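Structure, as structure tokens:
Only the coordinates and a few stated rules stand behind these numbers; no lab work does. All values reported here derive from a predicted model rather than from experimental measurement. Don't worry about glycine lacking a Cβ; one is built from the backbone with ideal geometry, like all the others, and counts go over all protein chains shown.
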Amino acid sequence: MTEKPLVPVRPGGVDDDSQPAPWVLDVLLGIGVALVVSLFIAADVENTQPEGWAYLWAVGLGGLMLVRRRYPVIVVLLSAGAVLSYYAAGYPAIGVSVPLAAAVFSAAEQGRLVAPIVASVSVLAVSIAYRLATGQDPAVVVGYELPGHALLLGGAIALGDGVRSRRALRRQASEIAGLVAERYRRETERRTTAERLAIARELHDSVGHALTVIALHAQIADEAVESESRTDADDATVRDSLRVIAGTASASFEELRRTVAGLRREEGAAPAPLRITDLDSAVDPARQAGVEVDTRISVARPLPPAVEAAVYRIVQESITNAVRHAVPSHIRVDIDQKEGEVQVSIVNDGVSERAPTPANAAAGDGTGLVGMRERANLLGGTFSAGRAGADFAVRASIPLAVSA
């Protein structure tokens, strides 16, 4: 069973396809005008027995409706002229409001109010003046017939303007709905991109750290196995390395499983929070590689979880980069809580042509630097990385007051 594609719906719940074409409405209106005027002529209320030529005016007034949208003012003027010329030709009375109503409605519908008002007032004035001049009863002409004609023409103009206003409101509502939909689409894309970057950072930091540990101990085990003068100490080293590799792989798999489960919104799948008190796991790769690591943590009170996680990941990635890209003998980690912010500094004395720098990070290398910078910037902090004399320093400053 195929799914029916979604069809855009106009405001108000009416599909665009359900509306007839404009020319169809114009044809129907023209037929209606011609029939109504013809019926008035055929009624022959004054018993003048009109000629067949009188019906040409009915056909002409109806035909004007075919161009009412394109030439609304001209249609009004021609309709008014047709009504006056009809009476000048001596044909039976058909009123002035009925044959003129469709024309003034059409002009008002197109936003042209002056022409239909002027035409209506002019035709009514000419009609009243002529009838009074011919001796017709003023009470009937002014007191009885004039209000009815004026109300009909005024109502037609008001209806046309109301239709135009409603159409404009619907169009405006449709534009607003489109802008809102575009805004939500962009917001969705922004959130999707942010989530993808967050996932990429987490996978890079966690999996990259684990792979660094595994690669390091695999190398240690390989060197111990290939040693020509293999001793019991070498066997113990191999066993220790294999245990570290197995434990790291298991922990990495568990963290990856939690990440995947969190993406699926499974209950109880949230990963354990990262704490700076657990930094030993972040600096272990360096110590296991024989690098001296000094850590100094000066934090007076608990940090916000987002800040603490960012600090942990920055330290972890900095240590991982130092072990992977440089050959340091000493790494110093300083975490200081100042007034309103926490400052992080990781300095190593390693020298290597492959050491990451802001330049090669921008060129596509050193993805970890990009991730660390994003973590700091997302929390309103600052980040820098580069050579500081003979050392390589990574520094970040993150405010404690972060938005949720």
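Annotations
- Lone unmet requirement of (1) assigned to a loop (DSSP other than H, G, I, E, B); (2) of a type in the set (F, W, Y); (3) farther than 19 Å from G60 by Cβ for Y130: (1)
- Of the residues making up the stretch 113-143, those that are hydroxyl-bearing (S, T, Y) and surrounded by 11 or more Cβ atoms within 10 Å (Cβ to Cβ) are S120, S122, S127, Y130.
- Looking only at the stretch 44-66, residues that are in contact (Cβ under 8 Å) with a residue 12 or more places away in the chain and assigned to a helix (DSSP H, G or I) come to 12 in all.
- Flag if V238 is in contact with a helix residue (DSSP H, G or I) (Cβ under 8 Å, 6 or more places away or on another chain), in contact (Cβ under 8 Å) with a residue 40 or more places away in the chain and part of a helix (DSSP H, G or I): no
- Taking residues in the stretch 130-141 that are touching a residue at least 24 places away in the same chain (Cβ under 8 Å), and partners anywhere that are in a helix (DSSP H, G or I), the pairs with Cβ atoms closer than 9 Å and at least 6 places apart or on different chains are Y130/Y87.
- Filtering A200, A168, A173 for residues that are part of a helix (DSSP H, G or I), more than 23 Å from the chain's Cα centre (by Cα) and surrounded by 13 or more Cβ atoms within 10 Å (Cβ to Cβ) leaves a single hit, A200.
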